[in-house]
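Quick notes on the structure that follows.
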Amino acid sequence: MRKRSREGRAASRYTGREVLVVRTPFSAVIVASLALATALAHVACSDGGGGAVGPADGDASTADATASDGSSGGLPDGGSPGDGASALGVKLPPTGKVSWDWQIGAGSDANVGLPAGVKLLDVDGFDVSAAKVASLKSAGVYTVCYINAGSYEPNRPDSASYPQALKVQADPDWPGEFFLDVTDVFKSDSVLAKILRARFKMCKDKGFDALEPDNLQNDENVGGGKITAQQQLDFNGWVADEAHAAGLAVLQKNGPDKILLKDRTGKMMVEKFDGILNEQCQEFDECAALGEYPKRGKLALNVEYKKTLTVDCAASDALGINSLKKDLPLAGMSGSGYLRQACP
């Protein structure tokens, strides 16, 4: 299992980085009830707690086979964005067969594009403007805001807000970046909680529907037992609760081994989050666990990067996963190196 969460990023910027599940259809009412239960848990515990996509040929072109949204295998058509909104005004992600894209390496509005038929788009929360988000939403697109929750990145507008004490270990893969002491959010005077709440508010103020919080595996990334598995689960649950409180849906980022584990409120991650965005589960044989999300009528997304890997679309569809093959920089559609290959 990989220790990293953010594999796909443009070299000049600071953005993001495991797929396959059985979908049991749930009504919008049931989905709304799950979201409401999550919201109530936050209020009570807010103080503590058959086709295939082949190997990429190196071309920067798009191979999008999802312009048609017809049903395939275990992925019936999903509801429209916003079906089953929770009591907090959260628009839940679409479910079932969802045509989507991930462009967190776009860098600016100008590089963000909308492939034909795409109904969910994940972009960087700092780099994309409110006007661009509004334009996407007017086109019927469900918008997801990428932010880094568990690591410090230089050159972000709020980078100076991170005290040195939060930076518990340098990230060996990304010079200048540090894994954070995520336990800080449970302190009465938490600096990290203040920073992250401001980031969540930024996403909401720009009009995004949902949040993609990166680096939720610091228990694996940081050595010396500085962050325990339970402390990480508690932080992840806190992120989900705070996102909902900000009026955003939220996706679990990676960590398939954590899906059925509970945070300090007694809720499993699959109960806390509204879906999952996982990377390379086919490559690393980690897909079975993701089925817990579709079983509950929730969204499951997967990306593969390996050039020599052929995405098993039949298996992906049968398990209820929306799989893509992407370029590692996760470039914008108008940017250099953009690649998107989708299952039919």
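The values are calculated or read from the model by the stated rules, or taken from the named source; none is laboratory data. All of these numbers come straight from a predicted model, not from anything done at the bench. As a convention, Cβ positions derive from the backbone with ideal geometry for all residues, glycine included, and neighbour counts pool all protein chains shown.
Within the range 271-292, which residues are at pLDDT below 90 and closer than 23 Å to Ile147 by Cβ?
Answer for the range 271-292, where residues must be at pLDDT below 90 and closer than 23 Å to Ile147 by Cβ: Cys281, Leu290.
Only one of (1) outside any loop (DSSP other than H, G, I, E, B); (2) under 23 Å from Leu233 (Cα atoms); (3) under 19 Å from the mean Cα position of the chain (by Cα); (4) not hydrophobic (A, V, I, L, M, F, W, C) fails for Gln169. Which number is that?
Checking Gln169 against (1) outside any loop (DSSP other than H, G, I, E, B); (2) under 23 Å from Leu233 (Cα atoms); (3) under 19 Å from the mean Cα position of the chain (by Cα); (4) not hydrophobic (A, V, I, L, M, F, W, C), the one that fails is (3).
Is it the case that the range 267-281 has a residue that's over 17 Å from the mean Cα position of the chain (by Cα), among the small types (Gly, Ala, Ser) and buried (at least 24 other Cβ atoms within 10 Å of the Cβ)?
No: zero hits.
Of the numbered conditions (1) in contact with a helix residue (DSSP H, G or I) (Cβ under 8 Å, 6 or more places away or on another chain); (2) closer than 17 Å to Pro115 by Cβ; (3) assigned to a strand (DSSP E or B), Pro344 satisfies every one except a single condition; which is it?
Of the numbered conditions (1) in contact with a helix residue (DSSP H, G or I) (Cβ under 8 Å, 6 or more places away or on another chain); (2) closer than 17 Å to Pro115 by Cβ; (3) assigned to a strand (DSSP E or B), the odd one out for Pro344 is (3).
Among the numbered conditions (1) among the basic types (Lys, Arg); (2) modelled with pLDDT of 95 or more; (3) farther than 14 Å from Gly237 by Cα, tell me where Lys295 comes up short.
Every listed condition holds for Lys295 apart from (2).
Only one of these conditions is not met by Ser316: (1) assigned to a strand (DSSP E or B); (2) in contact with a Ser or Thr (Cβ under 6 Å, 6 or more places away or on another chain); (3) of a type outside the set (Val, Ile, Thr). Which number is it?
The failed condition is (1).
For the structure I just gave you, tell me whether Val250 is under 19 Å from Asp122 (Cα atoms) and within 14 Å of the chain's Cα centre (by Cα). Can you show your working first?
Details: under 19 Å from Asp122 (Cα atoms): yes; within 14 Å of the chain's Cα centre (by Cα): yes.
So Val250 passes the test.
Could you check the range 314-337 and list, in sequence order, the residues that are at pLDDT 90 or above, crowded, with 22+ Cβ neighbours inside 10 Å and touching a Pro at 6+ places or on another chain (Cβ under 8 Å)?
Gly320, Ile321, listed by residue number.
One residue is enough: does the range 154-164 have a residue meeting the conditions within 19 Å of the chain's Cα centre (by Cα) and of a type in the set (D, E, K, R)?
As a first pass, look at the range 154-164 and keep what is within 19 Å of the chain's Cα centre (by Cα): none.
No, the range 154-164 contains no residue that is within 19 Å of the chain's Cα centre (by Cα) and of a type in the set (D, E, K, R).
A quick yes/no check of all residues on (1) out of contact with any Asp or Glu (no Cβ under 9 Å at 6 or more places or on another chain); (2) not charged (D, E, K, R):
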position: Val239; (1), (2): yes, yes
position: Leu251; (1), (2): no, yes
position: Thr265; (1), (2): no, yes
position: Lys272; (1), (2): no, no
position: Cys281; (1), (2): no, yes
position: Phe284; (1), (2): no, yes
position: Arg296; (1), (2): no, no
position: Asn302; (1), (2): no, yes
position: Asp312; (1), (2): yes, no
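Just the residues that are part of a helix (DSSP H, G or I) and either touching a His at 6+ places or on another chain (Cβ under 9 Å) or over 15 Å from Asp317 (Cα atoms) (or both), please, taken from the range 249-288. Don't jump to the end; show me each part of the working.
The first filter runs over the range 249-288 and keeps only residues part of a helix (DSSP H, G or I), leaving 256-258, 269-272, 288.
Within the range 249-288, Pro256, Asp257, Lys258, Met269, Val270, Glu271, Lys272 qualify.
With the condition kept exactly as written, say whether any residue in the range 296-312 is crowded, with 24+ Cβ neighbours inside 10 Å, of a type in the set (Val, Ile, Thr), under 19 Å from the mean Cα position of the chain (by Cα) and part of a strand (DSSP E or B).
Kept after step one, since they are crowded, with 24+ Cβ neighbours inside 10 Å, are these residues of the range 296-312: 298-304, 311.
From what is left, the residues that are of a type in the set (Val, Ile, Thr) are 303, 311.
Among the residues that remain, those that are also under 19 Å from the mean Cα position of the chain (by Cα) are: 303.
Keeping just the survivors that are part of a strand (DSSP E or B) gives 303.
Yes, the range 296-312 contains at least one residue that is crowded, with 24+ Cβ neighbours inside 10 Å, of a type in the set (Val, Ile, Thr), under 19 Å from the mean Cα position of the chain (by Cα) and part of a strand (DSSP E or B).
Tell me whether the range 173-183 contains one or more residues that are within 19 Å of Ala243 (Cβ to Cβ) and aliphatic (A, V, I, L, M). Please lay out each step first, then the result.
Quick first cut of the range 173-183, residues within 19 Å of Ala243 (Cβ to Cβ) only: 180, 182-183.
With aliphatic (A, V, I, L, M) added as a condition, the list becomes 180, 182.
Yes, the range 173-183 contains at least one residue that is within 19 Å of Ala243 (Cβ to Cβ) and aliphatic (A, V, I, L, M).
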